[in-house]
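So the structure is just underneath, and the comments pick up after that.
The values are calculated or read from the model by the stated rules, or taken from the named source; none is laboratory data. If you're wondering where the values come from, they're calculated on a predicted model, not measured in any experiment. Backbone-built Cβ (ideal geometry, glycine too); neighbour counts: all protein chains shown.
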């Protein structure tokens, strides 16, 4: 049995046990002493010990007056399990873990690596596209005036994360001028449009 007022047990729970990839959920740590009384001010640390591609956890360094410490888990970019561990310093140095599954989206979900890029410096735009299953994908780049400058038919891609790059060039090999462009991603019967700015200096 632990000493009264000193950490003896730790329980870690998640508000949601399944979340979308890159989604978030709260994870709550409760620390009690040997008499099952909440321990306030206990030093705690949160770490991700197993993840699905870049997951992260942030939280307070100590429990509050109710013996709790609430952290936020952000799932990684790939479907899979995210395991969070909480370590408590003091008493019996209890630890606890919780597992949250990052789920692939029900519909194709594209997003950009950045909102602007400079091809003159060797930068490329990365279009990350999470697919719920195998399906044909095509990317089209339009100027803000509606002119199609680049078409990239990619065929049928497998489910999961696909990274498509654009080097800032047109279909004819020319350099796209500085300014705004629309990135249109067609997949699975859906069409989604994202905005990017090409910077040349």
Residues being free of Cβ contacts under 8 Å to residues at least 60 places away in the same chain and over 23 Å from residue 74 (Cβ atoms) - total across the stretch 101-141:
13
Only listed residue being touching a strand residue (DSSP E or B) at 6+ places or on another chain (Cβ under 8 Å), farther than 22 Å from residue 161 by Cα and not assigned by TED's automatic domain parsing to the domain that holds residue 162, chosen from 4, 71:
71
Across the stretch 56-80, which residue is nearest to residue 110 (Cα to Cα) among those that are more than 16 Å from the chain's Cα centre (by Cα) and in a strand (DSSP E or B)?
70
Would you please name the residue that is surrounded by the fewest Cβ atoms within 10 Å (Cβ to Cβ), looking only at residues in the stretch 48-68 that are out of contact with any strand residue (DSSP E or B) (no Cβ under 6 Å at 6 or more places or on another chain) and on the phi > 0 side of the Ramachandran plot?
54
